[in-house]
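Please treat every number below as a calculation from the coordinates, not as lab data. Here the structure is a predicted model, which means the values were calculated and not measured. Methodologically, a virtual Cβ is constructed for each residue, glycine included, from the backbone with ideal geometry; neighbour enumeration extends over all protein chains shown.
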Amino acid sequence: MTANTETKAARPANRANDTDRHVGARIRERRIMLGLSQQQMADLIGVTYQQAHKYERGINRISAGRLYEIAQVLGVPVSYFFEGLNSERSTDLTARQRMCLELARNFASISNEKHQEALSQLARALAAE
């Protein structure tokens, strides 16, 4: 085997890396914050549920055009997906982060604005204690 062949065998060009996983985790976080299911997200960006799942897990790489489309659907700049990439932070969510995302998703799905305001006031009051 030549040195060139060994290099290619050791690291396939299409294999996902830490950046792909980070971007996927950021997509998932934002999708959950907006209260969208993976199926809804897939429909909005014109891919299958399986493909959307692979994007979020960092299994499949996302093209620049597709990432731009995802950013438009999620209402964020493309740079949002790369925030925190250079920090030592793990892309795995802690239990507290999951709870916060679930809280944001549930809050967003409350249709009654008075109920949202009441919940917001309750959170402010509890945070002030």
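Numbers at a glance
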| item | result |
| --- | --- |
| Rounded FRET efficiency, nearest 0.05, which uses the C-beta distance separating Asn17 from Ala108 and R0 of 30 Å | 0.40 |
| Two-site FRET efficiency, Met99 against Ala64, from Cβ-Cβ distance with R₀ of 41 Å, rounded to 0.05 | 0.75 |
| Backbone HN-Hα couplings from phi across the range 113-129 [Karplus 6.51/-1.76/1.60, Hz, Gly and Pro as x] | 5, 5, 5, 4, 5, 4, 5, 5, 5, 4, 4, 4, 5, 5, 5, 7, 5 |
| Full-extension gain in nm, Leu119 to Ser37, via 0.36 nm per residue minus C-alpha separation | 27.2 nm |
